[in-house]
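Here's the structure we're looking at; comments come further down.
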Amino acid sequence: MKKFLSLFVISTLVSCTILSACGQKQAADSEADVQTEPATITLLNTKSEVNSQIEALAKQYQSETGVTVNVIGVPAGVDAQATLKGYYLSDQMPDIIACEASGFGNWEGLLVDMSGEAWVSRTDAAYKDSTYGVLGFPFTTEAIGLAYNADILNKAGIDPATITGPETMKSAFETLDAKKDELGLTAVVGYCAEPNDVGWSSGNHLMGAYIDSGLARDDTTYIDLLNNGGQYDEERFTHFADMMGLFIQYSDPAILNESAYNDQVLGFASGKYAFVTQGSWIGATMTGDAADAYAAAGNFEVGMLPYAFEDGMDTILTSAPSWWAIIKEGDVEASKAFLQWCSEDSAQKTLVEEAGFISPFTDCKYVASDPFAQVISNYISAGKTSNWHWMDMPEGLGQNSLAFGFSKFATGEVDEAGFIEEMKAITAEWYSKL
């Protein structure tokens, strides 16, 4: 009997051990299955003009890796940071967000340091924070300058290389204005100073010309002055105001103070303006939504002049306009892998040739068909670029406040002297509340 019980116990123990081992193996297999399931991440895209191309990029990544990237688009004119704050408060933050320079401060301590990623060594356009490391992945390079229709200038007998300061700029405007009818121009320049929907153009980009035109990329003289309680260099800003007055004088009144960004770009693409106060990003529209109008105008060659409100200013302003950053609470590893892939050949081909981006990566072998791509490359190779230090203004100062100063000048509510005083008052009040 004892022998039988012993055999029974041994048999039972062996059976339990086998069953236990099988159970553990099944659990391990199940756990392995869960771990190897392709990830799903979300990306916030603030470049609405290329949302379909970014969605195509996400599908391409899924086909190559099995990982799903859901793209959340932000329409033009919508405050992306306010949108993100809404996602954060509702616990629905994307894994990868988009930030301009001033936006990174909203997420202090919440973003992943990507200093160790392989792509960092292949670009000088990453967003770097002195405390938190590399926080931003650059996906394109853009330029701010006075864009022009090279065909129209040629027909008017104007060599753009001679426009190197305020007097030569004024002379060119006068010549073009006198020949408007024969050149088929509606106006010499398409300038839009509407503050509510297009305030980013004047309050950020044109203000950026005052801050950086003609300076070395690391020269922070005028942004430092501005950030020291809202101070201006009196002489430099007066010369800048002279240029803005010239733009107003020769602009198209139909768009000058209207919410008319699309009309502004379409007017330039259609050959109705010799110049337009927008940056290189309009190239995507000219070859996209406005392609028919651009073709009808002869697919003319474009160029870009420095905002030379003082003699000798010979730089355009270039930078990554915004960066992709990874939220610590999201799927960090899957997000890192996606951004690394975005820096490599397969994705760069799509971003450059389909989205029209100008690659910030030194080893990219693709050239965008964007009309402004070669223009920017020429300035970069010549070392004739300044930075975008307007991004270091307090968030909202340009778009939500300074833009209204530009608008008052454009409508005639204030004259040039009044514009200067208005801008001083706006910044003094803004900085007094910080």
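Is there a residue in the range 307-317 that is among the polar types (S, T, N, Q), farther than 25 Å from S90 by Cα and assigned to a loop (DSSP other than H, G, I, E, B)? Yes - at least one qualifying residue is present in the range 307-317.
Conditions (1) surrounded by 19 or more Cβ atoms within 10 Å (Cβ to Cβ); (2) outside any helix (DSSP H, G or I); (3) among the polar types (S, T, N, Q); (4) at pLDDT 95 or above, marked per residue:
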site: E395; (1), (2), (3), (4): no, yes, no, no
site: S401; (1), (2), (3), (4): yes, no, yes, yes
site: G405; (1), (2), (3), (4): yes, no, no, yes
site: F409; (1), (2), (3), (4): yes, no, no, yes
site: F419; (1), (2), (3), (4): yes, no, no, yes
site: K424; (1), (2), (3), (4): no, no, no, yes
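Screening the range 74-94 for residues that are open to solvent by less than 20 Å² (accessible area, probe 1.4 Å) and at pLDDT 90 or above and picking the one that is farthest from D218 (Cα to Cα) gives P94.
Restricting the search to the range 270-295, which residues are among the hydrophobic types (A, V, I, L, M, F, W, C), in contact with a strand residue (DSSP E or B) (Cβ under 9 Å, 6 or more places away or on another chain) and not in a loop (DSSP other than H, G, I, E, B)? Break it down stepwise before answering.
From the range 270-295, those among the hydrophobic types (A, V, I, L, M, F, W, C) are 274-276, 281-282, 284, 286, 290-291, 293, 295; that's our starting set.
Subset that is in contact with a strand residue (DSSP E or B) (Cβ under 9 Å, 6 or more places away or on another chain): 274-276, 281-282, 286.
Those that are among the hydrophobic types (A, V, I, L, M, F, W, C), in contact with a strand residue (DSSP E or B) (Cβ under 9 Å, 6 or more places away or on another chain) and not in a loop (DSSP other than H, G, I, E, B): A274, F275, V276, I282, M286.
Applying a threshold of 7 Å to beta carbon distances and a minimum spacing of six or more residues, or different chains, the list of pairs starting in the range 210-238 at a residue that is under 15 Å from D392 (Cα atoms) and ending at one that is of a type in the set (S, T, N, Q) reads D212/S386; D212/N387; R217/T385; R217/S386; R217/N387; L225/Q231; L226/T427; G230/T427. Looking only at residues in the range 111-154 that are among the aromatic types (F, W, Y) and open to solvent by less than 10 Å² (accessible area, probe 1.4 Å), which one is farthest from W200 (Cα to Cα)? Among those that are among the aromatic types (F, W, Y) and open to solvent by less than 10 Å² (accessible area, probe 1.4 Å), it is W119.
The condition of being modelled with pLDDT of 95 or more and not hydroxyl-bearing (S, T, Y) holds for only one of D212, D218, that being D212. The sole residue among I255, I248 that is at pLDDT 95 or above, over 15 Å from T186 (Cβ atoms) and of a type in the set (A, V, I, L, M, F, W, C) is I248.
May I ask you to verify whether F300 is within 27 Å of F404 (Cβ to Cβ), of a type in the set (A, V, I, L, M, F, W, C) and touching a residue at least 24 places away in the same chain (Cβ under 8 Å)? Considered against the rule, which asks whether it is within 27 Å of F404 (Cβ to Cβ), of a type in the set (A, V, I, L, M, F, W, C) and touching a residue at least 24 places away in the same chain (Cβ under 8 Å), F300 comes out as no. D151 satisfies every condition listed in (1) among the charged types (D, E, K, R); (2) over 19 Å from M393 (Cα atoms); (3) at pLDDT below 95 except (3). Return the pair list, or none, for Cβ contacts closer than 7 Å from residues in the range 41-67 that are closer than 24 Å to T83 by Cα to residues that are among the aromatic types (F, W, Y) and open to solvent by less than 20 Å² (accessible area, probe 1.4 Å), at least 6 apart or on different chains. Listed pairs, sorted by first residue: I41/F338.
Among the residues of the range 105-128, those identified as of a type in the set (A, V, I, L, M) and either closer than 12 Å to S343 by Cα or within 18 Å of the chain's Cα centre (by Cα) (or both) are A118, V120, A125, A126.
Considered as a group, the residues in the range 333-346 that are open to solvent by less than 30 Å² (accessible area, probe 1.4 Å) and more than 18 Å from the chain's Cα centre (by Cα) include one that is nearest to K85 (Cα to Cα), and that residue is S335. For residues in the range 47-61 being open to solvent by 40 Å² or more (accessible area, probe 1.4 Å) and of a type in the set (S, T, Y), which is nearest to the chain's Cα centre (by Cα)? Filtering the range 47-61 for residues that are open to solvent by 40 Å² or more (accessible area, probe 1.4 Å) and of a type in the set (S, T, Y), the one nearest to the chain's Cα centre (by Cα) comes out as S48. No other residue among L206, L215 is of a type outside the set (F, W, Y) and open to solvent by less than 10 Å² (accessible area, probe 1.4 Å) apart from L206. Screening the range 384-393 for residues that are open to solvent by less than 60 Å² (accessible area, probe 1.4 Å) and either of a type in the set (A, V, I, L, M) or more than 16 Å from the chain's Cα centre (by Cα) (or both) and picking the one that is modelled with the highest pLDDT gives M393.
Taking the range 347-377 as the range and being within 18 Å of F137 (Cβ to Cβ), open to solvent by 40 Å² or more (accessible area, probe 1.4 Å) and either outside any loop (DSSP other than H, G, I, E, B) or in contact with a Phe, Trp or Tyr (Cβ under 6 Å, 6 or more places away or on another chain) (or both) as the test, only K349 passes.
The values are calculated or read from the model by the stated rules, or taken from the named source; none is laboratory data. As the structure is a prediction and not an experimental result, all values here were calculated from the model. All Cβ positions, glycine included, derive from the backbone under ideal geometry; neighbour counts span all protein chains shown. Side chains included, ligands, DNA and RNA excluded: accessible areas come from the protein's heavy atoms. Shrake-Rupley method; radii C 1.70, N 1.55, O 1.52, S 1.80 Å.
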